Amino acid sequence: MISSGSEVAVELRGITKQFGSVLANAGVDLRVEPGTIQGLIGENGAGKSTAMKILYGLYRPDSGHILIRGQPQVWSSPRDAIAQGIGMVHQHFMLAGPYSALDNIILGAEGEGRGGRERRGSRVEGRGQPSGAMRREGAPDPRPPTLVRAWGILGRKHARERLEALAAQYRLSVDWEAPIEQLPVGIQQRVEILKLLYHRADVLILDEPTAVLTPQETNDLFANLKKLRDEGKTIIFVTHKLKEVMAFTDRVTVFRGGSVVGEALTSQTSPQELADLMVGRKVVLNVQAPPTQATGKAALEVEALVVSGTRGATHRVSNVTFSVRSGEIVGIAGVEGNGQSELLQALLHPREPQCRKAGRISITGMDVTQMTAREIRNLGVSLIPEDRLHEGLLPEWPLRDNFLLGLQHSAAFNRAGFICSSNLQAAAAKAVNEYDVRPANLALSAGNLSGGNQQKLIVAREFERRPKLLIAAQPTRGVDVGATEFIHRRIIKARDEGAGVLLVSSELEEIMALSDRILVMYEGRIAGEFAKGNFSESLLGLRMGGG
Amino acid sequence: MAMISQLLASTLRLSTPLIFAAMGGMLSERSGVINIALEGLMLMGALGAAVGTVATHSPWLGLLIGMGAGLAMAFIYALLVIPFRANQIVAGMAINMLALGLTPFLCKMLYGVTGSTPQISYPEQFHSAPLYLAWIVVGLCWYLMKFTPAGLWLGFAGEHPEALEAAGIPANRIRWLAVLASGVLAGAGGATLSTFLSSSFARNMAAGRGFMALAALIFGKWRPIPAALACVLFGFADAAQIQLQGVKFRGAEVPVQFIQILPYLVTILVLAGFVGRARAPKALGKHFSTANERE
């Protein structure tokens with residue numbers, strides 16, 4: 001527990017919030033010390049984000065209190081929270097594509113840049129201020145936007161000067177004039193952080209900030225956040241990734257089912273302890289696949305595959321040859337963007353010239369290069385796609401119909417062109433139970449499930465086809481530890497039942513734990529092959545970097 | 001030569017109502033609210049200005065009353081589409097039909113004749129002021145969108161209202177103001193129809209100009225100055241149409257109905273030919289709920 005008497009930057013007391021029938025926060029208590037990095041960890045839907053949105057003023061709590069530097073606060077909108085120095089980087093960035101980085105940053109704090117001349121001072125005790133709350137030095141104007149402010153001038157020149165000073169102080173420069181949509185995701189996130197600094201935040205909340213970043217960008221982010229902490233900022237870091245919490249937080253709070261279930265100094269806990277707390281039972285963090293027992297004939301053979309780049313760029317996949325036998329898991333490792341996605345597209349759409357320029361692909365001994373995706377799937381191919389919301393599910397449709405996707409022509413569900421709904425209902429209900437998709441409500445839209453449960457639904461559907469070849473792309477991306485363990489076990493089970501498995505993942509740990517063989521992709525080529533027993537993280541990492 | 005200068009003068013005069021309406025549409029659509037109700041708002045403005053001028057003998061007071069009539073109609077529209085979350089196309093169409101029926105009805109109530117108001121005498125009409133006013137409005141809109149916080153908020157309300165909310169500014173309040181302002185401007189556009197381009201209100205006198213203004217807005221990629229220039233193009237088509245009436249082709253007079261097609265034909269060609277490349281505000285037509293309302 002946190003020692004009493006220490007100064008507290010942010011405190012939540014008994015925060016409760018109900019959405020319809022779901023109790024998202026059930027009496028959340030949280031204390032964050034200034035100048036520290038506090039990790040909030042928990043599975044999807046554990047209530048971390050809800051608590052943070054309450055702290056940022058986006059949601060109003062049903063009951064409970066927010067205290068900032070010991071002073072009780074009542075927020076009516078994020079403006080009040082911003083005025084007290086709270087800032088939040090949302091999981092989905094709050095940036096408008098056509099506007100410049102500068103405009104995105106100054107939104108809501110227009111006129112802030114005007115040459116160090118603080119507009120507050122005498123007018124400080126504004127309307128709507130909770131009694132007893134001291135105005136912070138240099139905090140933004142807490143009053144609602146006035147007509148005078150709205151019709152004033154944006155003052156981009158002054159804003160830019162102040163931003164450049166901030167950027168120099170924290171070494172976070174960006175191209176201020178570039179439209180946001182032209183900046184890479186990592187830089188967009190930097191813009192979000194600069195926005196908080198520009199708004200004079202001293203408590204920075206980051207909600208799942210690494211979900212969209214490459215490993216390199218993630219490292220940059222961590223370095224920047226540590227720098228900010230050392231400058232005295234307080235950072236609240238929301239994630240479901242144990243590795244990240246262990247790597248760079250000072251303290252960690254564990255959420256489960258809408259409540260705080262544990263709190264510790266990061267240095268005094270372990271990933272295993274946190275994972276067990278998150279899930280509420282013993283979890284096996286890295287399901288290690290035992291070596292394969294029996295391998296059979298080739299399930300997939302790829303020979304000299306070439307995928308051309310767009311507009312004359314170099315080949316996305318050049319001259320790739322490999323095979324996957326039934327009963328083995330072949331892992332494709334590599335930093336994202338080295339041709340893995342293009343390889344997968346070629347396997348599913350070999351007829352399309354933009355997906356496959358040259359090379360032969362056969363599945364279970366059949367040449368598939370002239371087959372349609374449906375014909376290929378009918379050979380016994382199952383797919384866990386990279387992007388589940390766009391390629392794996394219809395988010396607006398109910399679970400039942402999502403379970404049917406790709407099976408609509410199968411004899412089990414299709415009677416002379418009509419869907420046999422009683423069969424579908426029964427099969428979907430059985431699968432949803434067996435694969436532990438929660439909530440097990442077939443009428444619910446798939447988009448309402450958490451990421452982990454969406455993925456379990458896809459796994460249920462794809463594994464029910466009894467695949468001869470399973471293609472699993474980033475199968476546990478954005479999936480919590482409990483579901484990850486489950487999906488890993490299912491992949492191993494599919495292998496043991498005789499499927500050939502092609503596993504594409506940018507998580508090295510996942511690849512090393514599951515694969516019987518590992519191929520490393522670098523710039524569209526196979527840059528290395530490793531057999532089980534010879535996996536070494538450093539050597540794999542070297543190959544992934546082109547070494 | 002005289003014909004050309006007459007054509008140009010006519011072009012500028014005829015583009016005036018379009019410019020007012022297009023700027024109104026720009027404010028509404030950049031804030032994320034589709035505004036096909038411009039046509040109906042213009043009709044209300046046209047009637048309001050005619051009635052006001054007849055009553056007060058001042059086109060300026062008439063203009064104010066026309067703007068008020070547009071504002072009142074826009075209030076109904078905003079009420080339907082913002083708090084009540086009606087489909088913006090359907091509600092916009094409803095406003096247009098309401099205006100189409102309401103305006104002759106009000107004429108009958110006030111003057112005992114359906115379809116038109118009494119003539120406004122020449123000295124009480126506008127002669128050139130609205131033409132200049134329209135371009136001043138274009139300049140103000142350009143300045144608003146480019147240099148003021150209000151313009152930035154407006155743009156974010158239409159592009160990413162959640163971001164606006166996260167910055168502490170209520171997106172729906174901005175949308176309300178934008179739709180009301182579009183009513184005022186479209187009302188002003190309508191007022192120029194009855195007190196500047198003619199001397200009374202006539203039934204359905206907007207004759208699709210609200211939709212043309214919308215087309216100009218899209219053609220101008222939702223930006224004030226290009227949209228105003230597109231209005232001038234449509235104004236030119238209208239002016240040319242008037243000049244061409246009575247033209248003979250191989251000895252026979254071309255039926256006037258064919259010539260009157262011209263502005264609409266230009267509208268269709270422009271929309272079919274160029275709009276593919278325009279990018280609408282991302283949240284255009286999408287209702288916004290605050291985080292609290294969403295769950």
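FYI, it's all coordinate maths here, none of it is from the lab. Not measured: the values here are computed from a predicted model. Don't worry about glycine lacking a Cβ; one is built from the backbone with ideal geometry, like all the others, and counts go over all protein chains shown.
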**Message:** Using only the alpha carbons of the range A:237-297, what is the convex hull's orientation-averaged projected area in square nanometres?
**Reply:** 6.3 nm²
**Prompt:** How many percent of DSSP beta bridges within chain A run antiparallel, rounded to 5?
**Reply:** 55 percent
**Prompt:** Size of the dipole of chain A about the Cα centre, Lys and Arg at +1 and Asp and Glu at -1 on the beta carbon, nothing else charged, in debye to 20?
**Reply:** 760 debye
**Most mobile of B:94, B:166, B:213 in a GNM of chain B (Cα contacts under 10 Å)** = B:166
**Prompt:** If you count, for each residue, the other Cβ atoms within 10 Å and average over each peptide, how do A:379-388, A:405-414 line up from highest to lowest?
**Reply:** A:379-388, A:405-414
**Request:** Eight or more residues apart or on different chains, and alpha-carbon atoms under 19 Å: count the Lys pairs in the range B:2-294 matching that.
**Result:** 4
**Fill in**
Counting other chain Cβ atoms within 10 Å of each Cβ in B:141-149 and taking the mean gives 3
**Prompt:** Where does each of A:248-259, B:30-41 land if you order them by average Cβ count within 10 Å, highest first?
**Reply:** B:30-41, A:248-259
**Fill in**
Out of B:272, A:527, A:98 - ranked by how far each Cα lies towards the positive end of the dipole of the protein assembly as shown, with unit charges on the beta-carbon of charged residues - the top one is B:272
**For peptides A:436-448, B:68-80, sequence by mean Cβ density within 10 Å, most packed first** = B:68-80, A:436-448
**Request:** Mind checking which of A:459, A:238, A:89 is farthest towards the positive end of chain A's charge dipole, using Cβ charges of +1 (Lys, Arg) and -1 (Asp, Glu) about the Cα centre?
**Result:** A:89
**Prompt:** How big is the C-alpha Rg of the protein assembly as shown next to the rule-of-thumb value 2.2 N^0.38 Å, as a ratio?
**Reply:** 1.13
**Prompt:** Which whole number gives the average, over all residues in B:151-159, of C-beta atoms from other chains lying within 10 Å of the residue C-beta?
**Reply:** 4
**Prompt:** Can you sort A:510, A:352 by how many other beta carbons sit within 10 Å, fewest first?
**Reply:** A:352, A:510
**Request:** For the range B:72-184, build the charge dipole from Cβ charges (+1 Lys, Arg; -1 Asp, Glu) around the Cα centre, then report which of B:145, B:120, B:164 sits farthest towards its positive end.
**Result:** B:120
**Prompt:** For helix B:171-195, what angle does its Cα long axis make with the longest principal axis of chain B, in degrees from 0 to 90 and rounded to 10?
**Reply:** 10 degrees
**Message:** What's the magnitude of the charge dipole for chain B around its Cα centre, counting Lys and Arg as +1 and Asp and Glu as -1 at the beta-carbon? Answer in Debye, nearest 20.
**Reply:** 400 debye
**Prompt:** What number, rounded to the nearest 500 deg cm²/dmol, is the helix-based mean residue ellipticity at 222 nm of chain A, given -39500 (n - 2.57) per DSSP H run of at least four residues and division by all its residues?
**Reply:** -9000 deg cm²/dmol
**Prompt:** What percent does the relative contact order of the range B:2-294 come to when contacts are Cα pairs within less than 8 Å and at least six residues apart?
**Reply:** 35 percent
**Asked** What shape does chain B take by its C-alpha gyration tensor, where a ≥ b ≥ c are the square roots of the eigenvalues and a/c under 1.5 counts as rounded, a/b above b/c as prolate, and the rest as oblate?
**Response** prolate
**Message:** How charged is the neighbourhood of residue A:419? Take every other residue with its Cβ under 12 Å from the Cβ of residue A:419, and add Lys/Arg as +1 and Asp/Glu as -1.
**Reply:** +1
**Fill in**
Output field shielding_mean for A:84-97 (other chain Cβ, 10 Å radius) holds 3
**Message:** Filter A:53/A:243; A:17/A:53; A:243/A:282 down to the pairs with a C-alpha to C-alpha distance above 21 Å, please.
**Reply:** A:53/A:243
**Folded to 0 to 90 degrees: helix A:215-230 orientation relative to chain A principal axis, Cα** = 20 degrees
